[in-house]
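See structure below.
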Amino acid sequence: MIRLFVSVIVFSLLVLAAVDSALAQEETVCIQCHTGQSGSLATPVEEWRQSIHAANGVSCHGCHGGDPTDFAMAMSPDRGFIGAPDYASVPDFCGRCHVGVRQNYGESAHGQAVEDGGAQCVVCHNAHAVKKAEISLINEEDCSRCHEYGRAGEIKAAMVETEQMIGSVEQNLDRLHQLGIATDQIEGGLFDLRNRYHSLFHSVDVEKVRSETDGFQGELQEITQGISDIDSQLAQRKIWGGAAVALLLFGGIVSMLIRRTYHDEAGH
Ligand code: HEC
Ligand code: HEC
Ligand code: HEC
Ligand code: HEC
Ligand code: HEC
């Protein structure tokens with residue numbers, strides 16, 4: 001009886017979890033109703049569909065709260081709806097999930113000046129069309145809207161080398177992955193490093209970026225070492241594989257010769 005009870009509960013939890021994750025991807029009432037609106041009420045839907053958030057199951061209600069299953073009550077504060085944040089509240093709004101970035105940002109020149117027009121999250125990333133973060137977000141056109149490009153350019157220069165190292169490790173991991181080699185552990189390490197490194201940018205502090213660069217590059221060299229260890233193991237396996245094939249061939253030829261000699265002798 002208890003067993004039955006437990007499995008009913010487990011089953012319902014599974015169903016609930018499935019419904020929940022399906023809701024994140026699919027047509028919630030938020031998406032249905034906003035698609036039919038016009039102007040700035042509808043554009044968030046189209047922009048969001050192309051975003052990294054949509055790809056990772058963070059939907060309207062993930063950011064704005066509310067009830068994604070109830071047309072009438074969807075935007076009720078009683079159901080947790082928090083609306084759209086004003087300019088200076090955006091960092092806390094996004095920072096509920098991006099805690100590390102929020103912290104670096106809060107201590108930065110931008111965070112300190114957010115009440116007086118310091119750049120905040122959506123100025124650089126957008127609110128709905130958020131894409132995978134890349135160093136190309138730092139460019140003269142976007143970063144000279146409020147001040148000169150000078151110090152922005154210095155930060156970019158300090159980051160380029162480490163970014164390239166991250167890129168080449170990523171390519172190597174892809175290559176190993178295609179060979180069918182399990183790289184989960186190295187990938188996990190790289191993912192963590194990449195997040196820490198990319199959130200460092202938000203300090204917009206050239207000295208801080210420079211002083212932490214050595215540590216990051218050291219960690220990347222260790223990861224690269226791990227990859228070349230795997231590569232040399234692979235090369236060795238190839239050599240032994242080749243030797244084994246040669247040995248088999250040799251054995252085959254020898255036994256053929258022996259058989260032939262035996263036949264010849266038997267024929268005489
Ligand atoms: C039945 C239609 C309908 C549904 C369902 C709906 N919305 Fe809205 N939404 C609107 C309309 C109309 C407005 C503009 C008028 C207003 O603010 O009430 C709006 C406004 C908004 C705003 C802007 C509010 C502001 O402070 O400027 C946000 C954010 C929003 N909706 C998010 C959501 C989310 C998230 C959901 C689902 C949990 C949702 N909506 C469900 C019709 C809808
Ligand atoms: C990653 C978090 C995030 C997600 C996901 C998200 N929004 Fe927003 N949304 C924001 C922020 C931040 C603002 C306010 C800043 C701005 O207006 O640019 C906003 C503003 C809005 C507004 C007010 C726009 C205006 O100009 O008045 C509406 C309406 C809205 N969102 C609807 C939606 C709908 C519908 C979805 C799902 C398709 C959605 N949002 C998904 C973060 C998000
Ligand atoms: C001045 C522009 C700017 C502002 C303001 C800004 N970002 Fe970024 N963000 C960037 C750049 C540039 C990168 C990529 C840096 C790199 O390539 O190393 C990035 C990277 C990221 C990443 C990826 C790194 C990671 O840890 O996963 C996230 C998430 C992110 N930003 C979120 C935010 C949030 C949340 C805020 C507000 C608290 C914010 N950003 C404010 C420019 C900005
Ligand atoms: C409900 C949690 C949640 C909220 C709120 C949220 N995000 Fe995200 N964000 C995620 C998840 C999950 C991912 C995908 C996994 C990852 O890359 O960390 C992501 C990814 C990102 C990325 C790409 C990171 C990368 O690896 O390149 C950026 C940039 C970003 N978010 C910015 C924002 C901004 C700006 C806001 C506020 C407007 C915001 N996020 C609000 C959960 C959230
Ligand atoms: C919306 C306006 C705005 C945009 C866009 C903007 N900034 Fe800023 N930035 C500020 C303000 C305000 C300050 C603080 C006052 C100052 O130092 O000029 C600041 C300061 C800085 C500083 C000086 C930090 C220090 O104290 O040394 C750097 C570096 C910087 N920003 C980099 C960037 C980069 C990189 C971008 C583009 C990705 C960017 N900014 C885009 C408003 C902006």
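Compute the signed sum of charges (Lys and Arg +1, Asp and Glu -1) over the other residues within less than 12 Å, Cβ to Cβ, of Glu219.
It works out to a net charge of -2.
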**Item:** lysines whose Cα lies under 28 Å from that of Lys131, excluding same-chain neighbours fewer than 8 positions away
**Value:** Lys156, Lys208
**Complete:** The distance between the Cα centres of region 64-137 and region 192-265, in whole Å, is 43
**Message:** Only four residue types carry charge here, +1 at the Cβ of Lys and Arg and -1 at the Cβ of Asp and Glu. Report the dipole size of the chain about the Cα centre in Debye, rounded to the nearest 20.
**Reply:** 1000
**Message:** Restricting to DSSP H runs of at least four residues, report the calculated mean residue ellipticity at 222 nm for the chain, -39500 (n - 2.57) per run over all residues, nearest 500 deg cm²/dmol.
**Reply:** -22000 deg cm²/dmol
**Asked** Where in the chain are the helices, taken as whole DSSP H runs, whose Cα atoms extend 18 angstrom or more along the long axis and whose Kyte-Doolittle mean reaches at least 1.6?
**Response** 2-25
**Prompt:** For the chain, what does the alpha-carbon gyration tensor say about shape, rounded, prolate or oblate, given a ≥ b ≥ c as the root eigenvalues, a/c under 1.5 as rounded, and a/b over b/c as prolate?
**Reply:** oblate
**Request:** Would you please classify the overall shape of region 85-131 from the alpha carbon gyration tensor, given that a ≥ b ≥ c denote the square roots of the eigenvalues, rounded means a/c under 1.5, and beyond that prolate means a/b larger than b/c while oblate covers the rest?
**Result:** oblate
**Complete:** Phi-derived 3J(HN,Hα) across region 74-82 with the Karplus relation (6.51, -1.76, 1.60, θ = phi - 60°), rounded Hz, x for Gly and Pro, is 3, 9, 7, x, 4, 9, x, 5, 10
**Prompt:** Using 0.36 nm per residue, how much length does the chain from Ser144 to Thr213 gain when fully extended, once their Cα-Cα distance is taken away?
**Reply:** 22.3 nm
**Prompt:** What does the charge count near Leu176 come to, summing +1 for each Lys or Arg and -1 for each Asp or Glu among other residues with Cβ under 14 Å from its Cβ?
**Reply:** -4
**Request:** Could you please report the charge total around Met73, scoring K, R as +1 and D, E as -1 over all other residues with beta-carbon less than 15 angstrom from its beta-carbon?
**Result:** -2
**Complete:** Using alpha-carbon positions, the gyration tensor of region 128-268 gives root eigenvalues a ≥ b ≥ c; with a/c under 1.5 called rounded, otherwise prolate if a/b exceeds b/c, else oblate, the class is prolate
**Request:** Have a look at Asn126, Ser108, Pro91 and report the one farthest towards the positive end of the charge dipole of region 85-131, computed about the Cα centre with Cβ charges (Lys/Arg +1, Asp/Glu -1).
**Result:** Asn126
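Quick note: the coordinates plus some simple rules give every number you see, no bench work behind them. What you see is a predicted model, and the numbers here were worked out from it, not measured in a lab. Every residue, glycine as well, gets a Cβ built from its backbone with ideal geometry; the counts of neighbours run over all protein chains shown.
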